[in-house]
Amino acid sequence: MARILAVDDSNSMRQMVSFTLKAAGHDVVEAVDGVEALGKAKNDTFDLVLSDVNMPNMNGIALIRELRALPSYSYTPILLLTTESEGEIKQEGKAAGATGWILKPFNPDRLLKLIKKVLD
Amino acid sequence: MDIDLEQFHRIFFEESLENLDSMETHLMDLQPGSEDAEFIDDIFRSAHSIKGGSATLGFTYISDFTHDLETLLDHVRMGARSISIADIDLLLQSVDCLRDIFSALVDGEEPKAEETCRLKGLFQCALSEDNGDVDAESDGIATQTDKVESNNVEAPNGKGWIIHFSPNIDILQSGNEPLRLFRELDELGELHVKAHLDELPQIHHCDAKECHMKWSLRLITDADKEVIDDIFEWVADDSAIEICSITEDKAVKPEQPDAEHIEDMRLMESSATSTNTSYSTQSRTKADVNPISLANNGTEAEIAKTVVSNKLQTATTPSQTQAEIISNKSKSDVSIRVSISKIDQLINMVGELVITQSMLSQISKDFSMADLQKLKKGLSELEHHTRQMQDRVMQIRMLPINYSFSRFPRTVRDLSKRLGKKINLLIKGEQTELDKTVMEKIGDPMVHLVRNAIDHGIEMPDQRLKLGKPEYGTITLNAYHLGGNVVIEISDDGAGLNKLKIIDKAISRGLIESTEDVSNEQIYAMIFEPGFSTVDTISDVSGRGVGMDVVRSNIQALNGHINVKSKEGEGSIFTIRLPLTLAIVDGQLLRVGGNTYILPLVSIVESMQVNKTMVNQVAGGGQVFHWRDEYIPIIHLSEAFGIHADYSSVTDGILIVVDCEHEKIGLLVDELLDQQQVVVKSLETNYRAVDGVSSATILGDGTVALILDILGIVKILHMKKAKIDTHITNLLGMHNRLDSNLMI
């Protein structure tokens, strides 16, 4: 299955995402913020990046900009986990190069369904 | 997908039960007609987080139920509905119902559905009263969840959809891939795809990052437009997407060439041949040259093959069942909430430990006998810190008694309503801390006593008025630390215990033979005997006579004791005393002669220097002091403990007025010293129980100080002189032994 980078500063959220994905057979690497995620992304390859928006050090939007600037992540699907149902965050995320967004709260089914959209 | 989310369940259940508690509290505060927006918001928030959590974790029946609850609250919040008593009742019942569900889930049982069904009906009724013009779904999150659930449910608008999709040229760079979107559509039904390659640039101008293709799709499906929208959600903003139902499409744009085209096409291969061959070749050449472009753009041939052959096997996600909730987990694994400040204290303490340890290792490096004193000091500090730490760790288990008290407003409200009584509940000392285990075990006895007070204690309103009492009865819950004990008082201003009835019953049960030599206290204490009930008819509230003895044995099991005072026509007061061996007490240090004692700060009413005119001598040797229209007895601490005080007359000392079981007593001492928090050390553990002293503590300088038990001191003074002498001997012996036991 796919190799996924899960980025979220919230322990519980990250664990839940990670748990769900692992249960579905995916390979998951966790990061607590944008900086850690970027470091891990550079030294590894991922089929998908799932990132929270509001994080310390480097937020999700900044992370996407950094990742898109790397040749190896030009096409990699990057999904934002956001509670904002409307407006700015989505637009900002899109502008930065996000593939899409997943609204919190989500159940495991929905998470898996949504990531299936971007995985082969 | 069989996903086990149990690990999150537990946190969620606990969280939800807390939310329910707060909902209940706020509901109790709500007054019909004058609803406080803040309360409504708080209740709404609690309901909302339960709904969100349950939806996330797959408890759809809970989220469905809370949804109705939330809708009603939302109407209130929006001002479309003013909350009535019936509404509050309904909401309270829902809280109960949810609490039952969560308790069942915590215990690993299947929650019962009947109550939810009944309440759901009630909510529907209540909501149908409203005009329905308020949008219940004010938040996008909930809408989102609902949308997912409503998949494939609604009747189709037509038999399918025609979709014109012109993606943004940069679509691939956002990680989106048209092919995947088509696959998703394909899962919904029969999909026909036509690719438009008209705008494909010449091969040497091709950029693999860009997407120049457009598609027309025809999807035969029962799925809703929202489902289609969902699929295109992430690309909708920057791509041109037109979705119209097949019938509509024909009607509105009959001349639309693409649609016609699609109508004709059954197989994409035919479309490939019908398209300009040069483009077709071009795209294949491009594919040969640039594999990335093949992967990302997907040639028409590839799409044709994959889509039309209809062999896409993207596994569908089966809906997660809720069956997995039912699994037994151990009930003992409960968690406790600890305030950050307690944790911080612990961390501080660890810091101190580390410092002491490093000091010790410093000494041990080049140790000489000259350092012996230093070493001793270090070791004693180490022990001091370790003990403190031990105490602080135990403190983690301490919770304010409010956790237990907070359930009573509801009990009183419900019961008094049922019995037609009017009762106010007064809660005092809710911040008094108590060990969690003790708190849990004292809960049931307290419920029992409160129910008794409501059922038997407080009279009916008309009767009260006849007796010249206020219409509303009052039940008071109070908690405070008294010496080494936590005292919980449950009092009412009702009828009081019927002494004659108790005597009759006691005689008929053979507990006593006559009333001779039996004090009031002894008579009242009989209500704690097994099977003792003076109520003639058994109500469902109380009166089966299997209560008070259980109450007493429960309290005794905690090493506590209960007593009752009552006055007919004026009410009863039940006092539960529970030991609190591990507690930190705010203490007032005081000096008598060369000894330092500690009084719990809570028991001190006032302290002052005495004016001689206010002191009166009483025949028989006692002194009383005129204080605020009361005469209170003066007790010389030096006398009680047989020690020598510095003051020679009453006016030289300091008089501390203390509370002693609802009476005031003046303690005469030499001097007041510091106020400080002291760690209570049990005397029983280190020495043995001593009258007049509840426990001991170690002061900052390492000396032992005794914490006074006022009630005990009074008792001492009531003792005969001879007995006092032996007591003093005991006390002196204790001082010596304690020094060796407690001190380092």
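Going by what's in this entry, would residue B:240 be described as modelled with pLDDT under 85, assigned by TED's automatic domain parsing to the domain that holds residue B:60 and within 54 Å of the chain's Cα centre (by Cα)?
So residue B:240 fails the test.
Among the listed residues B:200, B:179, B:172, identify the single one that is in contact (Cβ under 8 Å) with a residue 40 or more places away in the chain, open to solvent by less than 50 Å² (accessible area, probe 1.4 Å) and more than 11 Å from chain A (Cβ to nearest Cβ).
Numbers: B:179 fails: more than 11 Å from chain A (Cβ to nearest Cβ); B:172 fails: more than 11 Å from chain A (Cβ to nearest Cβ).
The match here is B:200.
Is there any pair with a first residue in segment B:402-428 that is free of Cβ contacts under 8 Å to residues at least 60 places away in the same chain and a second that is of a type in the set (D, E, K, R) and assigned to a strand (DSSP E or B) whose Cβ atoms are under 9 Å apart and which are 6 or more apart or on different chains, and what are they?
B:423/B:492; B:428/B:489
Name the residues in segment A:2-19 that are within 11 Å of chain B (Cβ to nearest Cβ) and closer than 20 Å to residue A:113 by Cα, would you?
Selection gives A:13, A:15, A:16, A:19.
For segment B:600-707, which fully contained strands (runs of 3 or more DSSP E) count at least 3 residues that are among the acidic types (Asp, Glu), touching a residue at least 60 places away in the same chain (Cβ under 8 Å) and at negative phi? Lay out the reasoning, then the answer.
Numbers: elements: B:604-609, B:615-617, B:623-627, B:630-636, B:654-660, B:663-669, B:671-679, B:693-698.
No strands (runs of 3 or more DSSP E) qualify here.
Answer with yes or no whether residue A:22 is open to solvent by 30 Å² or more (accessible area, probe 1.4 Å) and either within 12 Å of another protein chain (Cβ to nearest Cβ) or in a helix (DSSP H, G or I) (or both).
Values: open to solvent by 30 Å² or more (accessible area, probe 1.4 Å): yes; either within 12 Å of another protein chain (Cβ to nearest Cβ) or in a helix (DSSP H, G or I) (or both): yes.
It is true that residue A:22 is open to solvent by 30 Å² or more (accessible area, probe 1.4 Å) and either within 12 Å of another protein chain (Cβ to nearest Cβ) or in a helix (DSSP H, G or I) (or both).
Which of the residues belonging to segment B:212-248 are among the aliphatic types (A, V, I, L, M) and part of a loop (DSSP other than H, G, I, E, B)? Spell out the reasoning first.
Here is the first cut: in segment B:212-248, the residues among the aliphatic types (A, V, I, L, M) are B:213, B:217, B:219-220, B:223, B:227-228, B:231, B:235-236, B:240-241, B:243, B:246.
Those that are among the aliphatic types (A, V, I, L, M) and part of a loop (DSSP other than H, G, I, E, B): B:213, B:223, B:235, B:236.
Please determine whether any residue of segment B:584-606 is charged (D, E, K, R) and at pLDDT below 80. Working first, answer last.
Just the residues of segment B:584-606 that are charged (D, E, K, R), to begin with: B:586, B:591, B:606.
Going one step further and asking which of them are at pLDDT below 80, we end up with B:586.
Yes, because at least one residue in segment B:584-606 is charged (D, E, K, R) and at pLDDT below 80.
Does residue B:109 count as open to solvent by 60 Å² or more (accessible area, probe 1.4 Å), outside any helix (DSSP H, G or I), at pLDDT 50 or above and not hydroxyl-bearing (Ser, Thr, Tyr)? Talk me through it step by step, then tell me what you get.
Values: open to solvent by 60 Å² or more (accessible area, probe 1.4 Å): yes; outside any helix (DSSP H, G or I): yes; at pLDDT 50 or above: yes; not hydroxyl-bearing (Ser, Thr, Tyr): yes.
Here the answer is yes, as residue B:109 does meet what is asked.
Residues checked against (1) within 7 Å of another protein chain (Cβ to nearest Cβ); (2) surrounded by 22 or more Cβ atoms within 10 Å (Cβ to Cβ); (3) closer than 13 Å to residue B:233 by Cα; (4) in contact (Cβ under 8 Å) with a residue 12 or more places away in the chain:
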site	(1), (2), (3), (4)
A:74	yes, no, no, no
A:78	yes, yes, no, yes
A:88	no, no, no, no
A:99	yes, yes, yes, yes
A:109	yes, no, no, no
A:113	yes, no, no, no
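Kindly establish whether residue A:43 is more than 14 Å from chain B (Cβ to nearest Cβ) and farther than 24 Å from residue A:91 by Cα.
On the way: more than 14 Å from chain B (Cβ to nearest Cβ): yes; farther than 24 Å from residue A:91 by Cα: yes.
Criteria met by residue A:43.
List the pairs whose first member sits in segment B:474-501 and is in the same structural domain as residue B:522 (by TED's automatic domain parsing) and free of Cβ contacts under 8 Å to residues at least 12 places away in the same chain, whose second member is open to solvent by less than 10 Å² (accessible area, probe 1.4 Å) and in a strand (DSSP E or B), and whose Cβ atoms are under 6 Å apart, counting only residues at least 6 apart or on separate chains?
So the pair list comes out empty.
Can you name the condition, by its number, that residue B:71 falls short on among (1) open to solvent by less than 40 Å² (accessible area, probe 1.4 Å); (2) among the polar types (S, T, N, Q); (3) within 14 Å of another protein chain (Cβ to nearest Cβ)?
So the condition that residue B:71 fails would be (3).
What's the number of the only condition in (1) modelled with pLDDT of 85 or more; (2) out of contact with any Gly (no Cβ under 7 Å at 6 or more places or on another chain); (3) not assigned by TED's automatic domain parsing to the domain that holds residue B:465 that residue B:575 fails to meet?
(3)
I need the full set of residues from segment B:462-479 which are more than 37 Å from the chain's Cα centre (by Cα) and open to solvent by 70 Å² or more (accessible area, probe 1.4 Å), in order please.
Matches in segment B:462-479: B:462, B:463, B:465, B:466, B:467.
Being in contact (Cβ under 8 Å) with a residue 60 or more places away in the chain and in a loop (DSSP other than H, G, I, E, B) is the filter; apply it to segment B:29-68 and report the residue that is farthest from the other protein chains (Cβ to nearest Cβ).
Within segment B:29-68, the match that is farthest from the other protein chains (Cβ to nearest Cβ) is B:59.
Determine which member of the set B:223, B:236, B:195, B:208 is among the aliphatic types (A, V, I, L, M), farther than 11 Å from residue B:163 by Cβ and without any contact (Cβ under 8 Å) to a residue 24 or more places away in the chain. So that I can check it myself, show each step before the final result.
Numbers: B:223 fails: without any contact (Cβ under 8 Å) to a residue 24 or more places away in the chain; B:195 fails: without any contact (Cβ under 8 Å) to a residue 24 or more places away in the chain; B:208 fails: without any contact (Cβ under 8 Å) to a residue 24 or more places away in the chain.
Only one candidate passes the filter, namely B:236.
With a cut-off of at least 1 residues that are buried (at least 17 other Cβ atoms within 10 Å of the Cβ), among the hydroxyl-bearing types (Ser, Thr, Tyr) and in contact with a strand residue (DSSP E or B) (Cβ under 6 Å, 6 or more places away or on another chain), name the helices (runs of 4 or more DSSP H) lying wholly within segment B:356-424. Even if it seems obvious, please write down each step before you answer.
On the way: elements: B:372-395, B:402-405, B:408-419.
Answer list for segment B:356-424: B:408-419.
Report whether or not residue A:119 is touching a residue at least 12 places away in the same chain (Cβ under 8 Å), more than 7 Å from every other protein chain (Cβ to nearest Cβ) and either basic (Lys, Arg) or open to solvent by less than 20 Å² (accessible area, probe 1.4 Å) (or both). Give the steps one after another, and end with the answer.
Working: touching a residue at least 12 places away in the same chain (Cβ under 8 Å): yes; more than 7 Å from every other protein chain (Cβ to nearest Cβ): yes; either basic (Lys, Arg) or open to solvent by less than 20 Å² (accessible area, probe 1.4 Å) (or both): no.
Spelling it out, it is not the case that residue A:119 is touching a residue at least 12 places away in the same chain (Cβ under 8 Å), more than 7 Å from every other protein chain (Cβ to nearest Cβ) and either basic (Lys, Arg) or open to solvent by less than 20 Å² (accessible area, probe 1.4 Å) (or both).
Please determine whether any residue of segment B:474-481 is assigned to a loop (DSSP other than H, G, I, E, B) and touching a strand residue (DSSP E or B) at 6+ places or on another chain (Cβ under 8 Å). Talk me through it step by step, then tell me what you get.
Within segment B:474-481, the subset assigned to a loop (DSSP other than H, G, I, E, B) is none.
Taking every residue of segment B:474-481 in turn, none turns out to be assigned to a loop (DSSP other than H, G, I, E, B) and touching a strand residue (DSSP E or B) at 6+ places or on another chain (Cβ under 8 Å).
Residue B:458 versus (1) buried (at least 22 other Cβ atoms within 10 Å of the Cβ); (2) out of contact with any Asp or Glu (no Cβ under 8 Å at 6 or more places or on another chain): which is the lone unmet condition?
Evaluating residue B:458 over (1) buried (at least 22 other Cβ atoms within 10 Å of the Cβ); (2) out of contact with any Asp or Glu (no Cβ under 8 Å at 6 or more places or on another chain) leaves (2) as the failure.
The values are calculated or read from the model by the stated rules, or taken from the named source; none is laboratory data. Fair warning: this is a prediction, and the values are worked out from it, not measured in the lab. Counting neighbours? That spans all protein chains shown, and the Cβs are built from the backbone with ideal geometry, glycine included. Please note that ligands, DNA and RNA were not included when accessible areas were found on the heavy atoms of the full protein model with its side chains. Shrake-Rupley method; radii C 1.70, N 1.55, O 1.52, S 1.80 Å.
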